[in-house]
1. Out of all the residues in region 364-403, which are in a strand (DSSP E or B), closer than 30 Å to Ile350 by Cα and in contact (Cβ under 8 Å) with a residue 60 or more places away in the chain?
2. Sort through Leu185, Leu155 and tell me the only one that's touching a residue at least 40 places away in the same chain (Cβ under 8 Å), in contact with a strand residue (DSSP E or B) (Cβ under 8 Å, 6 or more places away or on another chain) and in the same structural domain as Glu327 (by TED's automatic domain parsing).
3. Part of a loop (DSSP other than H, G, I, E, B) and either more than 19 Å from the chain's Cα centre (by Cα) or of a type in the set (D, E, K, R) (or both): which single residue out of Lys78, Lys52, Lys42 fits that description?
4. Please identify the pairs in which a residue from region 300-318 that is under 17 Å from Arg62 (Cα atoms) has its Cβ atom under 7 Å from the Cβ atom of a residue that is assigned to a helix (DSSP H, G or I) and of a type in the set (Phe, Trp, Tyr), counting only partners at least 6 apart or on another chain.
5. State all residues of region 160-190 that are part of a helix (DSSP H, G or I), under 19 Å from Gly370 (Cα atoms) and not acidic (Asp, Glu); if no residue qualifies, say none.
6. Would you please name the residue that is surrounded by the most Cβ atoms within 10 Å (Cβ to Cβ), looking only at residues in region 268-310 that are under 18 Å from the mean Cα position of the chain (by Cα) and hydroxyl-bearing (Ser, Thr, Tyr)?
7. So, of the residues in region 80-107 that are buried (at least 18 other Cβ atoms within 10 Å of the Cβ) and modelled with pLDDT under 95, which turns out to be nearest to Lys132 (Cα to Cα)?
Amino acid sequence: MCVSTKTLSRALRLLGLMAMAGLLLVSPALTGTGTAETKTIKILSNNPFSGKAASWGFSQDRGVGLAVEQVNKAGGIKIGGETYMWEKIQCDNRYIPADAVSCLKRGVAQGIKFMCTLGGAVTKPQIPLINKDKIVTLAAIAGGADFTNANNKYLFRTMPSADLTMAIEGIKIYKKLGVKRLVLLTADNVLGHSDAKTLENALKVNNMSNILVAEEFVPIDTGDFTPALTRVLAKNPDHIEGGAWPAAGLALLIKQARELGYKGTITNLTGAPKVDPLVKIGGKKNVEGVIMLRLWPPDQLPTQAFKDYWAEYRKRYNQDPGANSWEGYMAFMHLSAAVAKAQSLDPDKIVATMRDLKIESLLGELKLIGKDNPLLPGYGINNQYTSPLPVTVLKDGKPAIYK
């Protein structure tokens, strides 16, 4: 089934295609007239709102929040003759695994059955609870089949996995740049090590293992990269791969590498940092030429719906949106359509509906992939969203399409 962007709000309202990633904590509330009863469905935003990954957390949270507002303004959703409205509940996990698990436990104790979260490092330890309590989860995570597989049927990846970003696009970029001596300097967490394994396998498949001359893993909250950089620069690299650093971490890595005399190229392929703080902290000259994925140049947005979303985000927050924002928005719209189509708040009915459902969203058709896809080995289940994947390079402090 496919819902056009222009008629999405009206169609969802009339046909019950909007259940905005609601969370199964349902409580009655009176409408303004006091004559009709509505019920509230809550969604847990389990994200970093402080610390160096806060830009990621706010990005996803705001995207989901805009979608929640749209549904509520359209009158909510009707399921079985009852009207539901949505409420987003925040919990700051500081991008610390234990805190993320604590946030989820508190949500579960309140009866919550839907969640948005991000970061492989903090999502991985949540998976046992997600599966046990059937928490339908929209997660911005890289990695590969270690996250998306038939055993994790309630976990839906909102962004491209490392099997696409690192293993497919990364190899293309390295070849185009003519990389001869590659080093990986990434976070010492579950996601960083998963990305390293994906990179190693991709290089092996492409008979390029010889170009990887060093790997370094440092804490996600590292402020001084000098010791790690000193070790990898001793290998005389011509390219540094960062993996999935948020804006603040990547900016410091690049700035300090340049200060130590590094003049080679840099990519950060599995993370999509906010550009403004990256340029502000790293320095416009230092970040010139850095190549990243999932970042759209504001003057090259491919659809009117995306342009409208971009304008609303800027109006609301006085900054350009990041990838986690629009990916969270689109995934949430898809989830809401599935809830309404299923006419149920049963997690198993919802996830079964999601896997075959297609909608028109900000970047065109949105659907889930993974099962029997040769580019996604070992997934075995349609639990990863797919949409156009731009490759951009920073020029004069702004992203431009990399050609």
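1. Of everything in region 364-403, those that are in a strand (DSSP E or B), closer than 30 Å to Ile350 by Cα and in contact (Cβ under 8 Å) with a residue 60 or more places away in the chain turn out to be Gly364, Glu365, Leu368, Gln384, Tyr385, Thr386.
2. The match here is Leu155.
3. Lys52
4. Cβ pairs passing all conditions: Tyr309/Trp326; Tyr309/Tyr329.
5. Ala162, Leu164, Thr165, Met166, Ala167, Ile168
6. Out of the qualifying residues, it is Thr270.
7. Trp86
Listed here are the residues, each with its yes/no results for (1) touching an Asp or Glu at 6+ places or on another chain (Cβ under 6 Å); (2) farther than 19 Å from Ser161 by Cβ; (3) assigned to a strand (DSSP E or B).
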{"site": "Thr267", "(1), (2), (3)": "yes, no, yes"}
{"site": "Gly271", "(1), (2), (3)": "no, no, no"}
{"site": "Trp296", "(1), (2), (3)": "no, yes, no"}
{"site": "Asp299", "(1), (2), (3)": "no, yes, no"}
{"site": "Pro302", "(1), (2), (3)": "no, yes, no"}
{"site": "Ser336", "(1), (2), (3)": "no, yes, no"}
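The values are calculated or read from the model by the stated rules, or taken from the named source; none is laboratory data. Predicted model only: the values in this text are computed from it and were never measured. All Cβ positions, glycine included, derive from the backbone under ideal geometry; neighbour counts span all protein chains shown.
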